[in-house]
Each structure stands twice: as C-alpha cells, then as structure tokens.
Amino acid sequence: MEAWELPVYSNLYLSKFNLVKGVKTLNEHQLIQEYFSEIGSAFLVEQGIRVPIGDDAAVISSPKGKESVISVDTSIGGVHFLESMHASDIAYRSVSVALSDLAACGATPAWFTLALSLKKYDPKWLSDFKKGLEDISAELKIPLIGGDTTKGNLSITVQVGGYVEAGKALTREGARIGDVIYVTGCIGAASSALDNLRGGNLTRLDKNRYLRPKIRFEVSSKLLDIASSAIDISDGLFQDLDHICKASKVGAVICLEKIPTFLSNSLTIDEINRGDDYEILFTSDKSKREKIKRIAKEENIPICEIGSINEGDEVDIFSPDGVFLKASSGYQHF
C-alpha cells in the first residue's frame, strides 16, 4: 500500500474524475497531486519526515530522547459534523479534534495522515477542503504525510503523530487522592455554537468554538512535570473525568459552580456534559497551584480548579447549596 493509496475504481465507483466536463479526466495520481501532495511540505525536514506522500509508505525519523505518541479519530458526516458546513471548516475541525488527544498526553504534534471517503468527486469542495487542511498544517507546522481515498458516505479519518520527552507522557492513570482537578478554557461553548449553527445564527466567536477549535498545546506542553493525569474533554466533562477515575482507581468531587463558562449564567449539569469542548482536564498536587497559575497567565488561558480527587470510584457533583446531582451519560458513540 502506498503512503497515499487511491484504489483503482471500476465504473461502479469513480473511474473518471471530470476536471472539466467532457474535456479531460482526473486519475488517481493527479488527484493526489492536485489536492494533497504539498500540504505542509515546508515542514517535512523540520518534523523528521524522510519519505512523505508518493512512496509505498512514509518514513519518519524520531528525535533522540523522545517517544512517539500516535492517535486516530474518525469524523462521520451528519454525526460528528454537519455536512452543510463549509468544506474548509470540516477539514480543519477533523484534524483539530484528532490532535486533541496528543495535547492530552502533553505531546508536540509532528504529522498527520488522512483517509477520506466521498460520495462523489467535487473539485470545488475538494479545493475548499484542501484550504482547511492547509490552514491547520500551517498553524501547527505539521505536514500531511499519507492517506487513502474511497467512494462512500462522507467520512474523514485522521491519524496524528507527535513526540514527548521519554517517560513523561501524561496519561489517565496518575491521579492521586488529594489532587486538585483543573480544566482549561470554558465549558459549553462548542455545544452552544453547534446549536447556533443548526439554527442559522452562527456568530464570529462560534466559528472558533465549534468549527475551528483551538487545541491547548501551549498549556499541555508545560504540564509534563506538573499534572498527575490528563484527558481531553470530547464526550463530556463528567464522562471524561470518570475515565480518569476508573484508570487511576480513585473518586472525584466536583463543585458545579466552579466549572467555567463563557455565559453570564451558570450552565446546567447536562449542558456541561454535552462534550465537544476539547479543553484539557487534568489533576495535580496542591503544591503545584502557583505553577499552574503562572502557566495560565503566561498563555493567557483560564485554568480553573473545579474539584478534587478522593477515595472511591465515582464522580460526585454538588450544587452551590450542597445538593448531590446526577450527570447525564455524556456523548455515546453507540
């Protein structure tokens, strides 16, 4: 299989891609060259990519003293994003949400691959999609190094790779009793933006909150010697915190009023747990409070204390007046 493999299509699939109807067709190599081959090519040497798109496989040189961190994420049209969204935003968001897993580990991103399924060949859509890939590639200085294209319902699978100092990757397993629980940024902004998008009331701020989420690499890279555990908030704050608790064999207590929001009023417990925030949820020893405050100030990103780790095996949530609350299940994949 080539580093970017496009299947040979029969007449049942996409044997002919019309560049100009009735004039010429676009074969698999032309498709790669036209839309994907040069994305992030300026960063290949910087990121240690010795052999990029165009060969049987990509060849990557890992930096000395680093460990590789790799993750993969699939976004399905109509499930993980609205197909009515601009193609450039679909591309940017699909790569961005995949990269969030690297940030949760404290890794620095280095490259990505793309597997794309399309219902039909649409040069305008593909050009816009390419622009979104170029935007995030340039923003984070990461090249596209391979992938695959097939015919089918709109589906985008992005594999991401990065590096972290050997032995220092953040995981879900390190939370300890007495640790403070922190979250970056604000919760509920993306789900509110999605509601506005569906209602046709998208604002300028909504564009970043949902369409183009900014991943907290600038914070997570500074947490390697500070955080005891970490996870990105994708499926809902309480649900993802429960993953930390299960992995670390601890419980958690959360104060609802401490959870940060961009709204003037507090969020409901269900609004908090809707997901799509892509903020970093992490735990840390009390002795690291001042260091965390300094990181927040340096990066101009809110980092708020929302609770603590305790004995037990569940996430307990309390209202401002001390009433125990039960959270919704968060986003369910099946």
- Message: Suppose we filter segment 35-78 for residues that are closer than 22 Å to residue 131 by Cβ and hydroxyl-bearing (Ser, Thr, Tyr); how many remain?
- Response: 5
- Note on the structure: In the set 113, 108, the lone residue that is more than 23 Å from residue 30 (Cα to Cα), of a type outside the set (A, V, I, L, M), outside the structural domain of residue 280 (by TED's automatic domain parsing) and in contact (Cβ under 8 Å) with a residue 24 or more places away in the chain is 108
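Do the conditions hold for residue 38, that is, is it acidic (Asp, Glu), under 20 Å from residue 154 (Cβ atoms), surrounded by 13 or more Cβ atoms within 10 Å (Cβ to Cβ) and at pLDDT below 90?
Spelling it out, it is not the case that residue 38 is acidic (Asp, Glu), under 20 Å from residue 154 (Cβ atoms), surrounded by 13 or more Cβ atoms within 10 Å (Cβ to Cβ) and at pLDDT below 90.
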- Item | Hey, residue 223 surrounded by 17 or more Cβ atoms within 10 Å (Cβ to Cβ) and either on the phi > 0 side of the Ramachandran plot or not assigned by TED's automatic domain parsing to the domain that holds residue 301 (or both) or not | no
- Query: For segment 109-139, how many residues are of a type outside the set (Ser, Thr, Tyr) and closer than 23 Å to residue 70 by Cβ?
  - Reply: 14
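Would you tally the residues in segment 94-132 being of a type outside the set (Gly, Ala, Ser) and in a strand (DSSP E or B)?
8
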- Please work out which one of (1) under 28 Å from residue 282 (Cα atoms); (2) surrounded by fewer than 21 Cβ atoms within 10 Å (Cβ to Cβ) is the condition residue 153 fails and give its number. (1)
- Answer with yes or no whether residue 251 is out of contact with any Phe, Trp or Tyr (no Cβ under 8 Å at 6 or more places or on another chain) and not assigned by TED's automatic domain parsing to the domain that holds residue 160. yes
- Message: Out of the residues in segment 260-292 meeting the condition of being among the acidic types (Asp, Glu) and in contact with a Gly (Cβ under 6 Å, 6 or more places away or on another chain), tell me which one is surrounded by the most Cβ atoms within 10 Å (Cβ to Cβ).
- Response: 279
- Those residues of segment 149-202 which are free of Cβ contacts under 8 Å to residues at least 60 places away in the same chain and either basic (Lys, Arg) or outside the structural domain of residue 245 (by TED's automatic domain parsing) (or both) amount to 152
- Message: Suppose we filter 301, 259 for residues that are over 25 Å from residue 95 (Cα atoms) and at pLDDT 90 or above; which single one remains?
- Response: 259
- Message: Restricting to segment 52-64, and then to whatever is assigned to a strand (DSSP E or B) and at pLDDT 85 or above, can you tell me which residue is farthest from residue 164 (Cα to Cα)?
- Response: 59
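The values are calculated or read from the model by the stated rules, or taken from the named source; none is laboratory data. Since we're looking at a predicted model, the values are computed, not measured. Heads up, the Cβs are rebuilt from the backbone with ideal geometry, glycines too, and the neighbour counts pull from every protein chain shown.
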